[in-house]
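See structure below.
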Amino acid sequence: MFSYPHTIDNGAGESLTFVRRVQTPQGEMLEVENVVQPGVGPPMHVHHMQEEALTVVQGRIGYQRKGQEPQFAGVGESVAFKAGDVHRFWNAGDEELKCTGYICPPDNIEYFLKGIYEAQKKSGGERPDAWDAAFLTQRYRSEFAMDEIPAFVQRFVMPVMVVVGTLLGKYRKFKDAPPPVAPRRA
């Protein structure tokens, strides 16, 4: 589906390069590199099934798990978020933040983030276009969630938006969207 490496950019100071997919004893892993401008970073979110790790190559990263105080890491230090950890990170310095890292297993992260980044660019702002965000977050809710979206909006408003958006033809661009990954059983 994707050729490597390939880079996505959200138009708001964050770019992410998907370097390659590799097989490890733990399963498939997606190697990534990101560049984040000062003060920028994704909102509080969760990967229900993926572990994410970042190692600082340049700059200073701020990160926070839900309900905990912010923490910071510098060059050579790594930060890891287990599957299910609600978290966020940001550039906590005055220069570009550059990190290397991985997501394991990748599942639909590339498709999801590509869509979210494009929706953010489309809206010209800090937040993704609401119609596209509704489709993507509903379709891939078994894999990802945006903690900053109120539960009522996620459970009731977004499903209605997806029905209306489908009727209005807003989601033709997602006709080849991969199926969501079913939750894994322990």
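Eigenvalues of the alpha-carbon gyration tensor of the stretch 93-149, scaled by 5 and square-rooted, set the equivalent ellipsoid semi-axes at 21, 18, 10 angstrom, largest first. Using only the C-alpha atoms, the convex hull of the chain corresponds to 125 Å³ per residue.
Across the options Phe156, Gly76, Gly115, the greatest Cα extent toward the positive end of the charge dipole of the chain (unit charges at beta carbon of Lys, Arg, Asp, Glu) belongs to Phe156.
For Phe144, the residues whose modelled amide H falls within less than 5 Å of its own, excluding neighbours fewer than 5 places apart on the same chain, are His48.
For the stretch 6-104, a/c is not less than 1.5, where a ≥ b ≥ c are the root eigenvalues of the C-alpha gyration tensor, and a/b does not top b/c. That puts it in the oblate class.
In this calculation the C-beta distance from Ala130 to His48 is compared with R0 = 22 Å, giving a FRET efficiency of 0.50. Checking the cross-link pairs Lys82/Lys173; Lys82/Lys114; Lys66/Lys114; Lys122/Lys175 against a 30 Å limit on the alpha carbon distance flags Lys82/Lys173 as lying beyond it. Full extension of the segment from Val160 to Gln23, taken as 0.36 nm per residue of separation minus the current Cα-Cα distance, would add 45.4 nm. Stretching the chain fully between Gln68 and Leu168 yields a gain of 31.8 nm (0.36 nm per residue, less the alpha carbon separation). Pairwise Cα separations in the stretch 142-184 fall into 10 Å bins from 0 onward with the following percentages, short to long: 23, 44, 33, 1.
Quick note: the coordinates plus some simple rules give every number you see, no bench work behind them. Please read all numbers here as calculations on a predicted model, not as lab measurements. With ideal geometry, Cβ positions are generated from the backbone for all residues, glycine too; neighbour counts draw on all protein chains shown.
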